[in-house]
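Enquirer: Below are the structure tokens for one structure; questions will follow.
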Amino acid sequence: MKINGIHQRTVWVAQDGVTVEILDQTKLPFEVEIIQLTSMKLAATAIREMWVRGAPLIGAVAAYGMALGMREDPSNEHLKTCYEVLIATRPTAINLKWALDRTLAVLEKTDIEQREQIAYQLAAEIADEDVRLCESIGEHGLEIIKAIASKKPAGSTVNILTHCNAGWLATVDWGTAISPIYKAHEAGINVHVWVDETRPRNQGLLTAFELGSHGVPHTLIADNAGGHLMQHGEVDLCIVGTDRTTAKGDVCNKIGTYLKALAAYDNNVPFYVALPSPTIDWTVFDGVKEIPIEQRTGDEQSHVIGIDPNGQLSWVNTAPRGTECGNYAFDVTPAKYVTGLITERGVCLATEDGLAEMFADLKHPELA
Ligand code: MRU
């Protein structure tokens, strides 16, 4: 998608053909800065410190981390170390493991002299594939928005609520939850997005930044406003992303998603989750019991980042000194609250059968 009218991905290989470049998402939306990743360890830091974030993007950056690692030392021992360092960066999004497993499986069977070249190739494949999957999610999600628009008076606005950032900044390009919104906007449907701020890290600001850059009308709201808006008919549908979806359709996403789903359920507002298939964890069934929920440092809760009156990027404490802060990064929305899953292959029910029918080959790769 675009920043200041210029097409941009979130991760790419620099002109030297080796260094991996990313947008520093800790500075966005205030400053657009590029960081150069020159080592596997720096790629791991980028994921852990959330210079990059969003499930599909951390998978792609991890794959590039493996490539940087193979450039440093393509031995079997270092291959194992790279995998272990990168997998330990963040625990919840399954795309990280998916990308690392896929890369490891190929590199283990590759001659040591070829590993660097093949690892870069694999990372580029994972990144390009993510772009294709996300664009496809957009096309399938567009049909849902079109159907809702067709039931409203001609030309009226479709109001969509989203939580966190599941736009192009969370993927390599296009995004998951926001991809259908871009497609609808391009198709001339009047869309307006309610953007949850998404405390504690305020990923909603990234969503507002993206939508603003593409001219999509939107309003930034406090995380607690969604229920009120739904009660007053101001939300036609919700679309969110996910970091891990179980084989039965439970959805783990940014903390606060569950409460939005409950409010949507109570108000008969359709609640859709958009995801590429690498976000499905076929080994997990009960999301609440089985998905590890990342807990991050309390200072992300007690502090906010913004621009101070001198125009400087500032980190400000908003809590009484010494307050104990909890920082749960994700929660799980049980499948029963999910109207449907928007995937690259189409929309399916958030059920074991719905997912199995759509992705029989992925659920049972041994039969494919
Ligand atoms: O902690 P983050 O910012 O990495 O969390 C991101 C989310 O929760 C997104 O909604 C999710 O990864 C889906 S992104 C397409």
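Enquirer: Look through 135, 77, 143 and report the one residue that is part of a helix (DSSP H, G or I), in contact (Cβ under 8 Å) with a residue 12 or more places away in the chain and either within 21 Å of residue 41 (Cβ to Cβ) or away from the ligand (no atom under 16 Å from the Cβ) (or both).
Expert: Details: 135 fails: either within 21 Å of residue 41 (Cβ to Cβ) or away from the ligand (no atom under 16 Å from the Cβ) (or both); 77 fails: in contact (Cβ under 8 Å) with a residue 12 or more places away in the chain.
Matching residue, one of 135, 77, 143: 143.
Enquirer: Further, regarding this structure: So residue 285 fits all but one of (1) aromatic (Phe, Trp, Tyr); (2) more than 19 Å from the chain's Cα centre (by Cα); (3) within 14 Å of the ligand (Cβ to nearest atom); what number is the exception?
Expert: (3)
Enquirer: Filter the stretch 20-30 for residues that are under 19 Å from residue 300 (Cβ atoms) and not β-branched (Val, Ile, Thr) and give the result. Talk me through it step by step, then tell me what you get.
Expert: Kept after step one, since they are under 19 Å from residue 300 (Cβ atoms), are these residues of the stretch 20-30: 24-30.
Passing the criteria: 24, 25, 27, 28, 29, 30.
Enquirer: Is it the case, given these coordinates, that residue 79 is modelled with pLDDT of 95 or more and more than 25 Å from residue 293 (Cα to Cα)? Break it down into steps so the answer makes sense when it comes.
Expert: Working: modelled with pLDDT of 95 or more: yes; more than 25 Å from residue 293 (Cα to Cα): yes.
Yes; evaluated as a whole, the condition is true for this residue.
Enquirer: What is the residue count in the stretch 25-60 for residues that are among the charged types (D, E, K, R) and either in a strand (DSSP E or B) or away from the ligand (no atom under 14 Å from the Cβ) (or both)?
Expert: Initially, the stretch 25-60 is screened for residues among the charged types (D, E, K, R), giving 27, 31, 33, 41, 48-49, 53.
Now narrow it down to the ones that are either in a strand (DSSP E or B) or away from the ligand (no atom under 14 Å from the Cβ) (or both): 27, 31, 33, 41.
Here the count works out to 4.
Enquirer: Of all residues in the stretch 153-197 being under 16 Å from residue 257 (Cα atoms), open to solvent by less than 30 Å² (accessible area, probe 1.4 Å) and not hydrophobic (A, V, I, L, M, F, W, C), which is farthest from the chain's Cα centre (by Cα)?
Expert: Ranking the candidates gives 196 first.
Let's see how each residue does on (1) of a type outside the set (Gly, Ala, Ser); (2) away from the ligand (no atom under 16 Å from the Cβ):
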site: 151; (1), (2): yes, yes
site: 154; (1), (2): no, yes
site: 168; (1), (2): yes, no
site: 182; (1), (2): yes, no
site: 204; (1), (2): no, no
site: 229; (1), (2): yes, yes
site: 235; (1), (2): yes, yes
site: 247; (1), (2): no, yes
site: 258; (1), (2): yes, no
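Enquirer: In the stretch 83-92, is there at least one residue being touching a residue at least 24 places away in the same chain (Cβ under 8 Å) and over 20 Å from the mean Cα position of the chain (by Cα)?
Expert: Yes - at least one qualifying residue is present in the stretch 83-92.
Enquirer: Between a residue in the stretch 22-43 that is touching a residue at least 60 places away in the same chain (Cβ under 8 Å) and not assigned by TED's automatic domain parsing to the domain that holds residue 314 and any residue that is surrounded by fewer than 16 Cβ atoms within 10 Å (Cβ to Cβ) and assigned to a helix (DSSP H, G or I), which pairs come within a Cβ distance under 9 Å, given they are 6 or more apart or on different chains?
Expert: Hits for this filter: 29/212.
Enquirer: Here's another thing I want to ask about it. Quick one: residue 129 ticks every box in (1) in contact (Cβ under 8 Å) with a residue 40 or more places away in the chain; (2) within 18 Å of the chain's Cα centre (by Cα) except a single one, so which number is it?
Expert: Among (1) in contact (Cβ under 8 Å) with a residue 40 or more places away in the chain; (2) within 18 Å of the chain's Cα centre (by Cα), residue 129 violates only (1).
Enquirer: Going by what's in this entry, would residue 332 be described as open to solvent by less than 30 Å² (accessible area, probe 1.4 Å), in contact with a helix residue (DSSP H, G or I) (Cβ under 7 Å, 6 or more places away or on another chain) and not in a loop (DSSP other than H, G, I, E, B)? I'd like the intermediate steps shown before the answer.
Expert: Numbers: open to solvent by less than 30 Å² (accessible area, probe 1.4 Å): yes; in contact with a helix residue (DSSP H, G or I) (Cβ under 7 Å, 6 or more places away or on another chain): yes; not in a loop (DSSP other than H, G, I, E, B): yes.
Here the answer is yes, as residue 332 does meet what is asked.
The values are calculated or read from the model by the stated rules, or taken from the named source; none is laboratory data. Note that this is a predicted model, so its numbers are computed, not measured. Cβ atoms come from the backbone with ideal geometry, glycine included; neighbour counts cover every protein chain shown. For accessibility, only protein heavy atoms count, side chains too; no ligands or nucleic acids. Shrake-Rupley method; radii C 1.70, N 1.55, O 1.52, S 1.80 Å.
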